[in-house]
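Visitor: Before anything else, here's the structure in question.
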Amino acid sequence: MPGYPAQIASGNAARARFEAALTRLSPALQFVGATSDEPTGAFSSRGQKAVGIDDLAQSEQDAVIFAASAALVRLERSIWLLDRPESSTDERSAGGFVTALASLADDLQLVVASSSPNVLAAVEAAAVLHLAQ
């Protein structure tokens, strides 16, 4: 994971895509770039002091990984398999998080395994497949 911020910081187009994706997934999180304490890249959460990715909350770390993947891999016309995306955020925000993930690329299809009512409510009913337990 430490390579992502360094790769993003070195390319203007990738950095712009990353910052836009990060804003969609975690609006309170900002990529600061390289600092003396974090030469591979630092982040500021809710305007706090910049820290490395390991010092972020788990949900923010997940947002960084998803945003970096979208910026570096370019997910257009892709299928992304997600297992329990509600573990990347609180239950109330889970549906919005999945909606934000789906907006990261044109023609990106998500296949999501979830039992979250908020995730289910965020997608069209025809797109939901219920599996017996």
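The values are calculated or read from the model by the stated rules, or taken from the named source; none is laboratory data. In this text, all values refer to a predicted model and were calculated from it rather than measured experimentally. Don't worry about glycine lacking a Cβ; one is built from the backbone with ideal geometry, like all the others, and counts go over all protein chains shown. For accessibility, only protein heavy atoms count, side chains too; no ligands or nucleic acids. Shrake-Rupley method; radii C 1.70, N 1.55, O 1.52, S 1.80 Å.
Visitor: Give the residue, chosen from Ala105, Ala122, Ala68, Ala100, that is open to solvent by 20 Å² or more (accessible area, probe 1.4 Å) and not aromatic (Phe, Trp, Tyr).
Guide: Ala122
Visitor: Right, another one. Would you confirm whether any residue within region 28-39 is of a type in the set (A, V, I, L, M), open to solvent by less than 30 Å² (accessible area, probe 1.4 Å) and part of a strand (DSSP E or B)? Break it down stepwise before answering.
Guide: Looking only at region 28-39, we keep the residues that are of a type in the set (A, V, I, L, M), and these are 28-29, 32, 34.
Next cut, open to solvent by less than 30 Å² (accessible area, probe 1.4 Å) only: 29.
Remaining after also requiring part of a strand (DSSP E or B): 29.
Yes, region 28-39 contains at least one residue that is of a type in the set (A, V, I, L, M), open to solvent by less than 30 Å² (accessible area, probe 1.4 Å) and part of a strand (DSSP E or B).
Visitor: Sticking with this structure for a sec: Given the criterion closer than 23 Å to Asn12 by Cα and touching a Lys or Arg at 6+ places or on another chain (Cβ under 6 Å), identify the matching residue among Ala67, Ala28.
Guide: On the way: Ala67 fails: touching a Lys or Arg at 6+ places or on another chain (Cβ under 6 Å).
The conditions single out Ala28.
Visitor: Continuing with the same structure: When residues of region 70-107 are filtered for being touching a Phe, Trp or Tyr at 6+ places or on another chain (Cβ under 8 Å) and either part of a helix (DSSP H, G or I) or closer than 14 Å to Val123 by Cα (or both), how many remain?
Guide: So in region 70-107, the residues touching a Phe, Trp or Tyr at 6+ places or on another chain (Cβ under 8 Å) come out as 70-72, 85-86, 88-89, 101, 104.
Of the ones still in play, those that are also either part of a helix (DSSP H, G or I) or closer than 14 Å to Val123 by Cα (or both) are 70-72, 85-86, 88, 101.
Number of matching residues: 7.
Visitor: In the set Ser10, Ser93, Ser88, which member is polar (S, T, N, Q), at pLDDT below 90 and loosely packed, with under 13 Cβ neighbours inside 10 Å? Show your work before the answer.
Guide: On the way: Ser93 fails: loosely packed, with under 13 Cβ neighbours inside 10 Å; Ser88 fails: loosely packed, with under 13 Cβ neighbours inside 10 Å.
After applying the criteria, what remains is Ser10.
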